[in-house]
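The values are calculated or read from the model by the stated rules, or taken from the named source; none is laboratory data. Note that the structure is a prediction, hence the values are computed from the model and not measured. Virtual Cβ from ideal backbone geometry, glycine too; neighbours counted across all protein chains shown. With ligands, DNA and RNA removed, areas are computed over all heavy atoms of the protein, side chains included. Shrake-Rupley method; radii C 1.70, N 1.55, O 1.52, S 1.80 Å.
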Amino acid sequence: MNNADAIVCRQLQQQLLAHQGQGLWVVDENMAQFAPDRVVDGLSLLSNRVDIQEEMSALGWPVSYSDFDFSPWHSQPLDRIYYRISKEKAVVHHVINEAFRCLKPDGELLLVGAKNEGAKSYYDKARKLFGEGELSKAGKGVYVAHLTRSNDAADEWLDDRDYRRQRVIAEVNDHSLLSKPGTFGWDKIDVGSQYLADNLDVIYQRLKTDKPKVLDLGCGYGYLSIRVASRELSELVATDNNAAAIACCRKNLENLGPPYRVIADNCAQSISEKFDLIVCNPPFHQGFSVEGELTDRFIATAARLLAAGGQAAFVVNRFIPLERKAAGLFAEIETFADNGSFKLVRMARPSN
């Protein structure tokens, strides 16, 4: 945690612990580890990540998991909403718009974030929507914004890129690929995933079966799943922790031939079955921070879920030492392609 994160954490914790009335804490990947040390009366939590929902529910918090669906609070206006700004602009704009809809007259939205994350700009836009606000500096490069809903009607909605709507972003194997704001790289095909998909023949040649059972680990909106589904397979399982990604992946796979399941899960921790093939483009960012441990978790999961003789194919940035991280977990580790930006790594379990 860098200094700005620590200041953001401290500011938000202080506000949450002082909460009174009916409130909502909006939490994405940036804030899970910064929870207060006790549940706060009258305060519930909304998150788009299933790992946060599980973690906070275990601590006793009332938690809703969805793609930031605020409709349950449209008819139950709130006194206060707390939000540490997200990484993606469309998500932030969506949350600010929905906060306006859900707050009582004179209700307050509290925004916390760093200057280089756009905190001041978001405040300026949100103040036009809400009518009243106050911005204060909480430390070097960190802002706390208090926005009061004084306007009766909105005429300055923030552009959220039509957040709710799934839309076609590409054609893949004669199939319309759907995505939406809130998923990683939502408006394009990820070049790393495409590089892996274009080179999967190397992996298929080493499989022990012509119809493998396949896991797309960290599936996003389902690009790798669609590419794999064009081949022979016995079953496809796709999993991710992000609610928007899960919704898009389900829609993208529903008209394809192979049997499939799409599971909201935290790095496949609830899955115990074994797979002949695992494909993965693991995340290495969590919110605004680079998190090396994320790659470690995805490698360990692949080692746990590979069947005997199974193959895992990962694509990562060249600077990530995947081969070193995977050492000791697999019988074979091979970098089988490298384009100067990304590398493809094959990892295999022994046949018996």
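Checking the structure you have, find out if any residue of the stretch 78-101 is of a type in the set (Lys, Arg), more than 23 Å from Asp5 (Cβ to Cβ) and more than 19 Å from the chain's Cα centre (by Cα).
Yes, some residue in the stretch 78-101 is of a type in the set (Lys, Arg), more than 23 Å from Asp5 (Cβ to Cβ) and more than 19 Å from the chain's Cα centre (by Cα).
Scan the stretch 45-64 for residues that are buried (at least 18 other Cβ atoms within 10 Å of the Cβ) and part of a strand (DSSP E or B) and report the count.
Qualifying residue count, the stretch 45-64: 5.
Can you name the helices (runs of 4 or more DSSP H) wholly within the stretch 174-274 that have at least 3 residues being open to solvent by less than 40 Å² (accessible area, probe 1.4 Å)?
191-198, 223-229, 243-253
Answer with yes or no whether Asp67 is surrounded by 15 or more Cβ atoms within 10 Å (Cβ to Cβ) and among the charged types (D, E, K, R).
Spelling it out, Asp67 is indeed surrounded by 15 or more Cβ atoms within 10 Å (Cβ to Cβ) and among the charged types (D, E, K, R).
Which residue is surrounded by the fewest Cβ atoms within 10 Å (Cβ to Cβ), if the candidates are limited to the stretch 90-113 and must be among the charged types (D, E, K, R) and part of a strand (DSSP E or B)?
This residue is Asp106.
Return the pair list, or none, for Cβ contacts closer than 9 Å from residues in the stretch 316-331 that are free of Cβ contacts under 8 Å to residues at least 40 places away in the same chain and within 14 Å of Pro282 (Cβ to Cβ) to residues that are open to solvent by less than 20 Å² (accessible area, probe 1.4 Å) and part of a loop (DSSP other than H, G, I, E, B), at least 6 apart or on different chains.
Ile320/Pro282; Leu322/Pro282
So which residues in the stretch 153-173 are of a type outside the set (A, V, I, L, M, F, W, C) and either within 19 Å of the chain's Cα centre (by Cα) or in a loop (DSSP other than H, G, I, E, B) (or both), if there are any at all?
Asp155, Glu156, Asp159, Asp160, Arg161, Asp162, Tyr163, Arg164, Arg165, Gln166, Arg167, Asn173
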